[in-house]
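What follows is a short report on a single structure.
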Amino acid sequence: MSEDLRTKRKPKRTSLDLWRWRSNPLRRRDDVMEAWLLLAMWALIVVGGTLAGVVIARAADEEFALQRAERTPVRAVLLTDVPRTASTDSGVGTGMALAKVRWTAPDGSTRTDKTLVDTGQKAGTRITVWTDGQERLSPEPSTPTEAAVEAGVLGAAAALALGGAVFAAGRTARWGLDRRRIKQWGREWDLVGPQWGHTTR
């Protein structure tokens, strides 16, 4: 093979998705509808998914910040021993177990409740627990770094969920257009097909 043939430029391929936007005798109204459907679908996936992710991430970050502002650490005393072999209700060891604790509220009253604590501790051990604005025991709030990561994950999940829903709806709509086109082609073939059977002599 000569050098000229090897270096000859290949013909440009027409994009399969852009032909619907070009005027040609084979393009139908359903093809134009499909082109607009694809444009709207990808716009919603990109723009809508991004907005949904940002909104959810910001809302989650604000909620984590509110938890950090409301929850305060207090010193408490274990009222019962916590065995080293404690496990959850599912039977899986977690290194944590429910135990009864006592602490003093800001108004001077004594409160008791159960919370998760590290295993292997004896009654009378002083530990730190977290309370909310109503002086109820609550989980330790996320640190700013942990909150940022969790907010980012929630935002990404929201964006993916919206994108998946839009993509599924778009595929369903395209499937409906395909079925309608097939029916139209079938009706037109019933009219044109028999004429192809005639031969001229």
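Step by step: first the residues of the range 21-38, then only those that are hydrophobic (A, V, I, L, M, F, W, C), in a helix (DSSP H, G or I) and open to solvent by 90 Å² or more (accessible area, probe 1.4 Å), then the one that is modelled with the highest pLDDT. Which residue is that? Per the stated criteria, the residue is Trp36. Could you please let me know if Lys12 is open to solvent by 80 Å² or more (accessible area, probe 1.4 Å) and either hydroxyl-bearing (Ser, Thr, Tyr) or at pLDDT 90 or above (or both)? No, not satisfied. Could you list, in sequence order, the residues of the range 48-78 that are in a helix (DSSP H, G or I) and more than 15 Å from the chain's Cα centre (by Cα)? Result: Asp61, Glu62, Glu63, Phe64, Ala65, Leu66, Gln67, Arg68, Ala69, Glu70.
Just the residues that are farther than 18 Å from Ala52 by Cβ, of a type in the set (Val, Ile, Thr) and in a helix (DSSP H, G or I), please, taken from the range 139-191. Within the range 139-191, Thr145, Val149, Thr172, Ile182 qualify. Put simply, of Leu137, Leu191, Leu116 the only residue that is open to solvent by 90 Å² or more (accessible area, probe 1.4 Å), without any contact (Cβ under 8 Å) to a residue 40 or more places away in the chain and closer than 17 Å to Arg75 by Cβ is Leu116. Can you spot a residue in the range 62-78 that is modelled with pLDDT of 90 or more, in contact with a strand residue (DSSP E or B) (Cβ under 9 Å, 6 or more places away or on another chain), hydroxyl-bearing (Ser, Thr, Tyr) and farther than 30 Å from Thr50 by Cβ? Within the range 62-78 (the criterion being modelled with pLDDT of 90 or more, in contact with a strand residue (DSSP E or B) (Cβ under 9 Å, 6 or more places away or on another chain), hydroxyl-bearing (Ser, Thr, Tyr) and farther than 30 Å from Thr50 by Cβ), the answer is yes, since at least one residue qualifies.
The values are calculated or read from the model by the stated rules, or taken from the named source; none is laboratory data. For clarity, every value in this text was computed on a predicted model and none was experimentally measured. All Cβ positions, glycine included, derive from the backbone under ideal geometry; neighbour counts span all protein chains shown. Note: accessible area is taken over every heavy atom of the protein model, side chains too, but ligands, DNA and RNA are not part of it. Shrake-Rupley method; radii C 1.70, N 1.55, O 1.52, S 1.80 Å.
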